[in-house]
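Take a look at the structure set out below.
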Amino acid sequence: MERRGTSAHPILVTKPAFPQLPGPGKATAPGTEPLPSEWFRPEALLATLFPAMAYPEIRTEFSRVPSPCYVMEEARLRANLELLRSVMDQTGVKIICALKGFSFWRAFPLVREYLPGATASSLNEALLAHHEMGGEVHVYAPVYGEDEFGQILDLAGHLSFNSFSQWERFRDRTLAHPGKPSPGIRVNPEYSQVETDLYNPCAPFSRLGVIASQFRDDLLDGIEGLHVHALCEQGSDAFEGLLGAFEERFGRYLARMKWVNFGGGHHITREDYDIPRLVRLLKEFKARHPHLEVILEPGEAVGWRTGELVATVLDVVKNGMDIALLDVSVSAHMPDCLEMPYRPDIQGAGEPGTKPHTYRLGGGTCLAGDVLGDYSFDAPLEAGSRIILMDMIHYTMVKTSFFNGVRHPDIATWKEDGSLQVHRRFTYEQFREKLG
Ligand SMILES: Cc1ncc(COP(=O)(O)O)c(C=O)c1O
């Protein structure tokens, strides 16, 4: 692990990195107890390891920010947006913001200065795109339910279906709709360089998109676009591979299409991303298919390294090692750290044992595994110490609320007299309020 000072705030620069929870029997730091075997999660070894990169300069004065708090820094968001716009300017492709990755809607007016719209994966996100972002609303969800589809139709300009059965089910309503949303079908190129199945849309038995052997040429009437999403935090080399597989399997249908959407996972704003290669690939694709509108819909690249989660130590206890309890929870506020799992960087902290004071950091819930990991610090932690968790404004923050905007289940009681009492149906407003 390497430190690169970008300003007065020296930042640890690996993310994601291998989680710090080591194998059974290995001590976490000199002098600490071995961890029990159930902590060993071999899938952690599959986590992508990025090369060390400088974090952009942080101007936020964390001492003025309440705790806990997700705090987004406008200047860093603007820098990302400038870069995305330069790709649009150089290539003529359209880049829209995937709300599943970045739905910090208080910043949407700034986003709209640069990007023409958003892509939504649910009715809630489509409403957020329409009301808070404005501009184009694209929608793709793996499955549409009857009760929400009518409203989605009213909002969508481009509407992608995940299967031909969904297309057959909703085709007539879509084509008859006065708003004339442009229908598309998501395809699965059966090609991906994503190593972690949790994030691999082309993993075996994936439910996401139609594979070539299941493609229904005979049902294409009315379909105007192809949608393909197979990348996750990847460079333009992976995009080149995806393009090849996509054109090989589905290229023959492109003459009949008006648009193609190359999904998200393009890590365009990452420091080492090869922008000239992306520009070349997009220009070449456009030259091969000049009639097509080409769309990219990154989410993470919009919010990448634009903000932090500010937390505070509330207590320090001892059980074989020093353990600090925070006013945030990994399970409730950083679920991706447990899912992936990945280890977020903490400002000024190092790997366990590399600085004088090593702590296990845990959340304030009762879940035994609500643990962020082991970190070391220059000075001892105590109640009131600030912990700045880096790069928390894209998926982490979004997953904290209603991920993908999927409808939250109602809350009801089946009463002893045989009646049903529905206490709560969650609304779009409640979804929106969790995000801003
Ligand atoms: C269909 C689709 N589009 C876009 C995205 C955004 O991807 P990212 O935030 O990695 O750019 C995703 C992410 O899962 C997706 O599933």
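Key figures for this structure:
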| item | result |
| --- | --- |
| Rounded if a/c under 1.5, otherwise prolate or oblate - region 290-436, Cα gyration tensor axes | oblate |
| Non-local Lys pairs in the chain, i.e. 8 or more apart or on different chains, that have alpha carbons under 15 Å apart | 8 |
| Whole-Hz couplings from phi, Karplus 6.51/-1.76/1.60, listed for region 363-373; x for Gly and Pro | x, x, 9, 7, 5, 4, x, 6, 10, 7, x |
| Nearest-0.05 FRET efficiency for L175 and R252, computed from C-beta distance (R0 25 Å) | 0.60 |
| Region 140-193 versus region 58-129: alpha-carbon centroid distance in Å | 25 |
| Gain in span if fully extended, K434 to H291, counting 0.36 nm per residue against the direct Cα distance | 47.4 nm |
| Separation of the R280 and K318 label points, Cα + 7 Å toward Cβ, nm | 6.0 |
| Amide N of region 211-244 lying under 17 Å from the label point, which is placed 7 angstrom from the Cα of S86 along Cα→Cβ | 236 |
| Largest-first principal axis extents of the Cα set of region 74-303 (Å) | 45, 38, 35 |
| Region 74-303: relative contact order in percent, alpha carbon pairs under 8 Å with at least 6 residues between | 21 |
| Globularity ratio of the chain, using Cα Rg and 2.2 N^0.38 Å | 1.04 |
| Normalised contact order of the chain, rounded percent, pairs of Cα under 8 Å and 6 or more residues apart | 19 |
| Max mean-square fluctuation residue, GNM over the chain, Cα-Cα springs under 10 Å, options A383, A412, A203 | A412 |
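None of the figures in this text is laboratory data; all of them are computed from the coordinates on show. Nothing here was measured: the structure is a model prediction, and the numbers come from that model. Ideal geometry is used to build each Cβ from the backbone, glycine not excepted, and the neighbour counts take in all protein chains shown.
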